[in-house]
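J.: Structure below; questions to follow.
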Amino acid sequence: MSNRYIAVGIFIIAGVTLFSLGIFLVGSRHEAFARHMLLYTEFANLDGITKGSKVQVSGMDAGQVTRIVVPRSPDGQFRVQMKVDQQLQGLIRSDSVVTVDTEGVVGDTFLTIHTGSPKAPIAQADSLLQSKPPISMSDLFNRGLGIMTDADATIQQVGGKLNIALDGVNGAVGNANDLLVGLKQGRGPAGMLLRDEKMADQIRETMANVQSTTSTLKQASVGVTSIVTDVQQRQLTQKLDDTMTQIRTASTRANETIDQVHQSLTQALGPDANGVSAGQNISQALGNVNAATGNMAEDTEALKHNFFFKGFFNHRGYYNLSNLSPREYRRSRLFASPNNTRVWLQANSLFRQGTNGSEELSGDGKRAIDAAVVSIGDSIFTHPIVVEGYSDAAAPADALSWSYARAQIVRNYLEARYPFEAKNVGVMPLSAAPPTGLGHEDWSGVCILVAEKK
């Protein structure tokens, strides 16, 4: 009996251990069974990058830093080894650049591998990628200190010029004082006029003539006074003053309103207590929302494959296409069924060469897609739609990349022209091999599939 209890206990402990290990692998997203490749880059300054730091490819988590080799001399560089998911190899090209980024202003640092140009060859395992040195806060502070030093020197130069100008003003004032003293003492022509008695008599006679002329002007002004009196009786002046007062009041209120609006906009768009502008705060908030949405999607995807919830998602008939590989897609009874509605469109009738070397839809291609939607009928608006991309390029990586690009171009056109929900339209790059049993051994172009649940 005791042996039986021991066996049952061992069985329960083993089951709990396996269950906990499975939950840990799914919940912590370790990708224990994913295939990876090693890439290298070099930095003169790591700026906080350590072993275990996260590595992203175009904003998607792709791996982590597995090793850092310290240089032997001050003029050397740190050699950083990165373990990257091999599924993203098609996005990493030989001209891709590795940069050091941070999550927000004071968040963790991580490495970002930027996608290269489509014409560049794909980066192979153990390749050395180019790097871009990070900009540290100390460098920014040093630049700001240099600018402040230059401004102080400029202010000192302006102060010296102001002192010279003040000295000139003091000299001018002294000269004016000397001129007034000379006038009082009778020096110069102006002083002689002031002290000559004959000249004073002539001035008195001139003033008498001016007074007689003034009396004549007084008589002429009587008529003007009557006119002014009439204007005053009608209160035209008061009405004009009231109108001008109202205009000045309205102008003052408008200026106050503009100042308040400007102050509100300055407070709303200005930097916060940490020196971060409103645009950066909004961008960071949107990034946090996207990260939370991605975590929720990953948690939902984990539930899909969980033992207790698998039946619920199987009842829907399909998973998210972003988590379905081309091999699983070809074996899927839902998408590979010959009973589904399919419209096959060749590449030479859909696309043309764009200005930047990539493909784009031609006029005939847009008309062919519209005709395909009409031929499918109303079921295209009520069932999931998959745009399958095909390319017969010689290199497997180029075939996968071109087939994905072709499917994405057609999907963007469908979503922009027709009232499809984005969650009901997916893309699947299949290189040049369609699912078996559909009458096509290979294809180059796209196929519009309307999946019906069976």
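J.: Short version: what are the Cα gyration tensor semi-axes of the stretch 365-444, square root of 5 times each eigenvalue, largest first, in whole Å? Could you put the intermediate results ahead of the total?
T.: Numbers: eigenvalues 109, 40, 27 Å².
Values for the stretch 365-444, descending: 23, 14, 12 Å.
J.: Using only Cα atoms, locate the centre of the stretch 321-375 and the centre of the stretch 41-115, then give the distance between them in Å, rounded to an integer.
T.: 36 Å
J.: Right, next: So, R0 is 51 Å and r is the distance between the beta-carbons of His262 and Gln238; what FRET efficiency does that work out to, to 0.05?
T.: Details: r = 36 Å, r/R0 = 0.71.
With a Förster radius of 51 Å, E is 0.90.
J.: Once R0 is set to 51 Å, what does the formula 1/(1 + (r/R0)^6) return for the Cβ-Cβ distance between Asn412 and Thr149, expressed as a FRET efficiency to the nearest 0.05?
T.: On the way: r = 53 Å, r/R0 = 1.03.
Plugging the Cβ-Cβ distance into 1/(1 + (r/R0)^6) gives 0.45.
J.: Return the subset of Lys51/Lys119; Lys119/Lys366; Lys83/Lys423 for which the Cα-Cα distance in this structure is over 28 Å, preserving the input order.
T.: Lys51/Lys119; Lys83/Lys423
J.: Next question. Quick check: residue separation of Asn323 and Val97 times 0.36 nm, minus the Cα distance between them. What number comes out in nm? The partial results should precede the final answer.
T.: Working: separation 226, 0.36 × 226 = 81.36 nm, distance 2.70 nm.
Taking Asn323 through Val97 to full extension adds about 78.7 nm, to one decimal.
J.: Tell me, in nm to one decimal, what length is gained between Gln130 and His383 on full extension, where the rule is 0.36 nm per residue of separation less the Cα-Cα distance? Let's see the in-between values first.
T.: Values: separation 253, 0.36 × 253 = 91.08 nm, distance 4.56 nm.
Full extension from Gln130 to His383 adds 86.5 nm.
J.: Also: Please compute the per residue accessible area over the stretch 354-454 with all protein chains in place, 1.4 Å probe, rounded to a whole number of Å². Intermediate values should be presented prior to the final figure.
T.: On the way: 4910 Å² over 101 residues.
Ligands and nucleic acids excluded, the figure is 49 Å² per residue.
J.: Measure off 7 Å from each Cα along the Cα-to-Cβ vector at Arg248 and Arg367, then give the distance between these two points in nanometres to one decimal.
T.: 7.3 nm
J.: Going 7 Å from the Cα of Ser375 toward and past its Cβ, which residues in the stretch 335-369 have a backbone nitrogen under 11 Å from where you end up?
T.: It comes to 342-346, 368-369, nothing else.
J.: Taking Lys132 as the anchor, which aspartates and glutamates have their alpha carbon closer than 20 Å to its alpha carbon, excluding any fewer than eight residues away along the same chain?
T.: By straight Cα distance, Lys132 reaches Glu42, Asp47, Asp61, Asp75, Asp95, Asp101, Glu103, Asp108.
J.: Between Gln64 and Asn424, what is the FRET efficiency for a Förster distance of 41 Å, r being their Cβ-Cβ separation, to the nearest 0.05? Mind dumping the intermediate values first?
T.: Values: r = 35 Å, r/R0 = 0.85.
With a Förster radius of 41 Å, E is 0.70.
The values are calculated or read from the model by the stated rules, or taken from the named source; none is laboratory data. Small disclaimer: the values here were computed from a predicted structure and weren't measured. Cβ: placed from backbone, ideal geometry, glycine included. Neighbour counts: every protein chain shown. Surface areas here come from the heavy atoms of the whole protein model, side chains and all, with no ligands, DNA or RNA. Shrake-Rupley method; radii C 1.70, N 1.55, O 1.52, S 1.80 Å.
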